[in-house]
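Following: one structure in structure tokens, then a few remarks.
Read-outs throughout are calculated quantities, based only on the coordinates presented, and are distinct from any laboratory measurement. Model, not experiment: these values are computed from the prediction. Cβ sites come from the backbone with ideal geometry, for glycine too, and all protein chains shown count toward neighbours.
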Amino acid sequence: MTLFSVWKAVSLRSSRNYCYATPVSSAENLLDLLRLSLTHKSLKLTQQCHARILSLGFTQNPFLATKLISAYAIFGVPALSQLVFDSLHFKSVYLWNSLINGFVKNRAYNEAFGWFYQMCCRGVLLDDYTLATMSKVCHEIGDLNAGKLIHGKILKTGFFLDVIVANSLMSMYSKCGGFGECLKLFDEMPERNVGSWNVILSGYADSGDRNFDKEVSGFVKNMQIEGLKPDAFTVSSLLTLCNGHMGKRDHGRELHGFIVRIELAVGSGTEVHLGCCLIDMYSRSSRVDVGRRVFDRMECRNVYAWTAMINGYVQNGALEEGLVLFHEMQVRDGVEPNKVSLVSVLPACSAVAGLTGVKQIHGYAIRKQFNNDVSLCNALIDMYSKCGSLDHAKQVFEFGSFHRDPISWSSMISGYGLHGKGEEAVFVYNKMLQLGNKPDMITIVGILSACSRAGLVDEGLCIYKSAINKYRIKPTVEICACVVDMLGRSGQLGQALDYIKTMPMEPSPSVWGALVSASIIHGNSEMQDLAYRFLVQLEPENPSNYVSLSNLHASSRRWDVVSEVRTMMKDRCLTKTPGCSWISINNTTHFFYAADKLHPCSKSIYELLGGLILLMKGPAVSHDFENFTWVS
């Protein structure tokens, strides 16, 4: 139906009520026309209706005004909503709520708070919808102090007994890092619904503790004791909490059985949501094959279901399967990828197809106008850097039409560090600070790694001290490993060991591994032996540490120690997995393992490799290479 036919239909209906034919001349018909403009997603039709309202003198009609304010907010122009609001002589609480909610929908949270403040100053009587909306705003911006002020308003106005308001307030505390306050509010609620319990379970999921412990199980039991039946949101939160590891009880499979048994997703719009949660849960527990069975049995698969399955394959290293599914999604089901789909499949494209694959995803994003999405741009910066094209990464970072967040800066800094351009990384880091962006743990790890690779020890130590003292960043294991690597690479092995002794936490394998690498570079076998022995203690099941320690002593002809290490490996039944590399040529991926001679071209490959080794040894043996025959 065209806009003209919509207008004509409403006009004809209006003409039946009057002796003359006049288009849309009653408030009821104008309200219908506004609803139609929303149905057809037409801002132009909304503006035409607004003009008709003005010409017919219905500007003070509260129903039309409320609908206009909401319509303009839905179309992303809250400034026009404010224009309608300002033209009203009498402003009820419903009109205030519509205006504030319009700003919230458009993420204009400061404006929403400004109008709420005016609402309070003018003595407008707040209702439950106002307070619930403002609790949501505090939750969205993560402002705990503002949330406490809203909590005070709720107590003062007596709306704490309202279940919806209390649930919104609990959600705010949970999202703003006040989970203890959330639990306290929950205990004080005189009446609770399923949403109340869901907020608590969601809070556990957001806390980062992904273990299905006794406390969570107790909440679920108490919920059922109160006569409340878990809904789809309850189960999805519980699935997020499942750590997926097979133990005495596999809670994930139990929940899957519960979904099937009570037919929770049958005949409802929650099938896709629960299906995505199940796929994610099985993928996180390295059972992507079970996730695929869930996917194949879903009657309705939208872009979110396809993306969840693709992401499951990629996260479990099944890159080619993820790419095949990405192709099937578009060709077989005609489902267009969204921004999350592109972010999920990007690692697979870069690993299998290299730089060409990343460029193809980037080109598709530009065609679909996804290139202003910050998450996708961050992923492109990271993948371009890892594929060896720092110039393309710089173009996305410097000229992309997206708002750079801390991850954007960290990705660019890490990219420079990966390519050994420490000075450029320090320049970007300083620019980030000058623009008022505060570093986080990931940023510090990236800049310290860059300084380490480029030998910028003094700059790196200065940045480390500034991060700890000025920006109050706690020295994590990753940060400490970077400091050890930085000192060790520069030959300051003694200082690196002294730093390890003063670390605020127990040194992890990454810390001792950094000392091992530095010891190898500088030929310090004594320090290398010390670090390896700590690695063996920390990772008794890692065969690589035993093999490296054995090789170290073999180079010093300490065969008694070599025999001792090999015996330890044999007693623990440890075998080292051979190293593997791969390359894609003409859409075919070739895999190569250490000492592997199974490849059909292995003879030619080893001949070429032998020639390259001679060439790398330098001018002293370059004359030997002149007679080398290149084999294609």
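What to note about this one:
- Net length gained if the chain between Asp440 and Asp458 were fully extended (0.36 nm per residue, minus Cα distance): 4.4 nm
- If R0 is taken as 60 Å, the Cβ-Cβ distance between Phe90 and Ile225 corresponds to a FRET efficiency of 0.75.
- Projected over every direction and averaged, the convex hull enclosing the alpha-carbon atoms of the stretch 322-374 yields 3.5 nm².
- Projecting the Cα atoms of Ser344, Val290, Asn316 onto the charge dipole of the stretch 279-368, computed from C-beta unit charges around the Cα centre, puts Ser344 farthest toward the positive end.
- Size descriptors for the stretch 266-305: radius of gyration and Dmax over Cα atoms are 9.7, 30 Å.
- Cα gyration tensor shape for the stretch 144-204, rounded if a/c is under 1.5, else prolate or oblate: oblate
- Volume per residue of the convex hull around the Cα atoms, evaluated for the stretch 409-538, comes out as 93 Å³.
- The stretch 465-530: equivalent-ellipsoid semi-axes (sqrt of 5 x gyration tensor eigenvalues, Cα, Å): 22, 12, 9
- Descending semi-axes in Å of the stretch 249-388, equivalent ellipsoid built from Cα gyration tensor: 29, 16, 12
- Approximating the spin labels as points 7 Å out from Cα along Cα→Cβ, the Tyr364-to-His590 distance works out to 2.7 nm.
- Counting all C-alpha pairs of the stretch 284-356, share separated by more than 14 Å (%): 56 percent
- Net length available on complete extension from Val324 to Met505 is 60.7 nm, with 0.36 nm assigned per residue and the Cα-Cα distance removed.
- Computed label-point distance, nm, for sites Gln60 and Tyr606 using a 7 Å Cα→Cβ extension: 9.6 nm
- Amide H contacts of His40: none lie under 5 Å away among residues 5 or more positions distant or on a separate chain (H built 1.01 Å from N in the peptide plane; Pro and chain starts excluded).
- For the stretch 371-426, radius of gyration divided by Kirkwood radius, i.e. Rg to Rh on alpha-carbons: 0.93
- Here, the stretch 347-460 has an Rg and a Dmax of 13.9, 46 Å when only alpha carbons are counted.
- For the stretch 443-522, a crude dipole built from +1 on the beta carbon of Lys and Arg and -1 on the beta carbon of Asp and Glu, taken about the Cα centre, is about 200 debye to the nearest 20.
- The stretch 72-130: C-alpha pair distances exceeding 18 Å, %: 26 percent
- Along the stretch 521-536 the Karplus relation, 6.51 cos²θ - 1.76 cosθ + 1.60 evaluated at θ = phi - 60°, assigns HN-Hα couplings of 4, 9, x, 9, 5, 5, 5, 5, 4, 4, 5, 5, 5, 5, 5, 5 Hz to successive residues, with x for each Gly and Pro.
- Of Lys386/Lys431; Lys105/Lys339; Lys421/Lys470; Lys91/Lys175, pairs whose Cα-Cα distance is over 29 Å: Lys91/Lys175
- Whole-Å semi-axes of the ellipsoid equivalent to the stretch 294-336 (Cα gyration tensor, √5λ, descending): 16, 12, 8
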